[in-house]
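This report refers to the structure that appears directly beneath it.
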Amino acid sequence: MDGNTSGGESDEFGWNTEDELEIASYALPSCSNGTLHGGEAVAGSTEASSSSGSSSTKMIDHFVGMGFSEEMVIKAIQENGEQNTDLILETLLKYSGSSSASSSNSKLIDHFVGMGFSKEMVAKAIQENGEDNTDSILETLLTYSALEKSPQAQQDVDSDEYSSELEGSFLNDFSDINTSDGEEIRKPVSDKEDKLLFLASMGYAVEEASIAMERCGPDSTIAELTDFICAAQMAKASDALMGELEEKPKQFFNDYPNHKKRRMLDYGKKQRFEKKLLNGDDEQIRLPIPMIGYGVPTEPGCITHRTLPEAAIGPPYFYYENVALTPKGVWDTISRFLYDVEPEFVDSKYFCAAARKRGYVHNLPIENRYPLLPLPPHNINEALPLTKKWWPSWDPRTKLNCLQTCVASAKLTERIRKALEDYDGTPPLSVQKYVLEECRKWNLVWVGRNKLAPLEPDEVEMLLGFPRNHTRGGGISRTDRYKSLGNSFQVDTVAYHLSVLKEMFPGGINVLSLFSGIGGAEVALHRLGVPLKNVVSVEISEVNRNIVRSWWEQTNQKGRLIDLADVQQLDADRVEHMFNSFGGFDLVIGGSPCNNLAGSNRHSRDGLEGKHSSLFYDFFRILNMVKDLTTRH
C-alpha cells in the first residue's frame, strides 16, 4: 500500500467490566481489624466494621469464583495485602497446578493483557473456557468489553457527532457487504479489536490474528494482516507442498528425452523450510525497498550487470510476471523452475501514478534499457487534473494503489458523501481516517465537494499505459473492462524491461504470448517500435481475445496473429509445428493467473497448487519445449 493511513488516535474506551468496578470500589480493611494465619481467617477486634468484613468476604468469594480454593486465596491475600488484586492473582496462578501449567497460564494471561484486557477479566475468561481454547477466550473477553463502555467513552462518541453507521460500515466494506439501513452497528471498543473481530469473521483463528497484529504492528492494514497469516499457514504446509512440487513436473515431460526429464527435475529439488507457525521465519518473502528491480528511469542506483545461470541463457528469451506478495516459498519455486533466475521486483508507481507490485523472472539483458516516451504522469494530480480542484488538504495521497478488477459500490460513495456533509469545514480525525481507508482500498478520487468516485475504465486504461478505448466497445461491458484491465500488465513497466529487444531484433520478432490477457506485451513491443512478425496469443477469455484481435487490426499490424484459447492444449506437436513454421520463437512471455497467490483471496490462497495458479507449470512446460527445440535447431 502507498502511504500509511493518516488521522488521529482512535477514541479511547473503558475496558472495565462490572466485576472490575466492583473490586475497585472495595474499602479494604486494615490488618489491625483482622489477620490471616496459616491460611485461616482469625477474627480480630469485635469492633471491626461490618463493611470491612463484607469487603474481605467479597474479595475471597471473587477469587474462589474464578476457580481457586478458599485456602489458596486467603494465603495469597496474606502475602500481598488486600489492596493489590493484580499481585494476588499472580500469586494464585503460581500456586495453581504444576509449574509448567502455571507458566503456560501466565503466558496466556500476559498475551491477552498485552492486547488491553485486565488480568481479572482474562483469568475469568480462562476459567470459563479452559486454557486450550484461545478463540473462545478472546470471544468471551470481547463480549465483556463490548457490553460495558465507560461514561467518558460514550461522551467522546456523542461529542464527535460521528454516527455508528459510518463507523460500522468500515468493517462491512472490507468484505464488500453493505449494511442494511435498519441494522444497528456497535462502535468498536478499539481499532485493534475492530481488526480482530473482522479477521475472525473472515474465518481466521483468533490466535493467528492476534499474533499477526503483534508482528505487523498496530497500524497494519487488513490486507497486510491477511497476507501475514496466509504466508504462515503456507509455511506450515511447506514440506507437503515441496514434496508435491518435486513430483509435479513429471506430468509434463512425457514428450522429452530421459536426460531432459532428469535435468528439469533438478530444478524442482526440495528445499527445507522451517515449519514454526507464526514466528519470525514464517513471514512472506521480504521485498526490496524501494522496489525498483535492477533500476528504473526516475531513481538512481541502477544495476547494469548480472550473471545468469548457464541453463537460463537465451535464446529463446523469456519473461514471466506475477504478483510480488505471494505466500512464502512461491517465488523460490518459480525461480527454481525457471532455471534458477532471481526475480526482479518492481513497483509500477515508479513508472506511473498507480502502484503495481510485481515480480519478473527473465533472461533479458539489463544494460541500455530505456523508457517509453512521452513519460506518463507520475502523480494523481498530473494523471487526473480535473480532480485537483476538489482534493481536500487532509487527503495526502499522491499515488493510487494497485488497480483491481472491481470497484467500490455507489452505496459506499453515497454513505461517505452524507457523512462528510455533516461538517462545514474539515471533518473530525475519526471521519478522515475512515474516508482515507476507503479511498486507499478502492482508489476513490474526488470529483466534487464531498464527492468521491471510483476510477472510470478509460482512466484505468491510461494509468496502465494502454491506448485510449483499448477495451471499449465491441459488446464489452464495464464489468468486463475492469476485470480485464485489473489482470493486465502495466505497459510502461514491461516496456522498460523489453526495450533491450529493439536493437536485437530490428527486422521483427516472433512472440509466444501465454496468458496474454488484453495484449499488454504486444502493446509494449509495438510502442517500442519492435515489429511483430508472428504472434501466438494464448488466452482463455474470449472477451480478451476479441480485444487483442481488434487492437491488431486497428494498428495495421503487418505480421500474423494466431490466437488460441487454452494453454493446456498447447502440446509438443503443436508447438513444434508453429516453431518450424515461424523459424522459432524469439520471446516467450506471460503471467499466469494470480488467483491463488494474491493476499485478497482468503478462501483459495493455495499457492502454486491452486486450481488457477498451478497454470504456472504450463508456462514452464511450454518454455522448456521451445528451449529444447531451439537447442536442437
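For segment 467-548, carbon and sulfur atoms together expose 46% of the accessible surface, with a 1.4 angstrom probe and every protein chain in place.
Kirkwood hydrodynamic radius of segment 435-517 from all distinct Cα pairs, in Å? If you can, show how the numbers build up before the last one.
Details: mean 1/r = 0.0650 Å⁻¹.
After inverting the pairwise mean of 1/r, the radius is 15.4 Å.
What a 1.4 Å probe finds exposed on segment 369-424 is 58% carbon and sulfur by accessible area, rounded to a whole percent.
Pairs of alpha-carbon atoms within less than 8 angstrom and 6+ residues apart define the contacts here; what relative contact order does segment 346-471 have, in percent?
Numbers: 134 pairs, mean separation 31.3, N = 126.
Once normalised by length, the contact order is 25 percent.
DSSP assigns beta bridges within segment 436-541; of those with both partners inside it, close to 35 percent run antiparallel.
If you take the Cα centroid of segment 453-476 and the Cα centroid of segment 311-380, the two points sit 23 Å apart.
With the gyration tensor restricted to C-alpha atoms of segment 435-580, the semi-axes of the equivalent ellipsoid amount to 32, 17, 13 Å, longest first. In this calculation the C-beta distance from W394 to E299 is compared with R0 = 41 Å, giving a FRET efficiency of 0.90. Checking the cross-link pairs K75/K107; K389/K411; K328/K411; K349/K558; K357/K388; K389/K483 against a 28 Å limit on the alpha carbon distance flags K328/K411; K349/K558; K389/K483 as lying beyond it. Every pair of different Cα atoms in segment 366-415 enters the Kirkwood calculation, which places the hydrodynamic radius at 14.2 Å.
Per residue, segment 312-410 exposes an accessible area of 37 Å² to a 1.4 Å probe, with every protein chain left in place. Protection proxy ranking of 564-571, 454-461, 526-533, 493-500, by the mean of other Cβ atoms within 10 Å over each peptide's residues and highest first, is 493-500, 454-461, 526-533, 564-571. Extension gain, K451-N84: 0.36 nm per intervening residue step, less the Cα-Cα distance, totals 126.7 nm.
The values are calculated or read from the model by the stated rules, or taken from the named source; none is laboratory data. Being a predicted model, the structure only gives us computed values, none of them experimental. Neighbour counts are summed over all protein chains in view; Cβ atoms, including those assigned to glycine, are modelled from backbone coordinates with ideal geometry. Remember, those area values only see protein heavy atoms, side chains included, never the ligands or the DNA or RNA. Shrake-Rupley method; radii C 1.70, N 1.55, O 1.52, S 1.80 Å.
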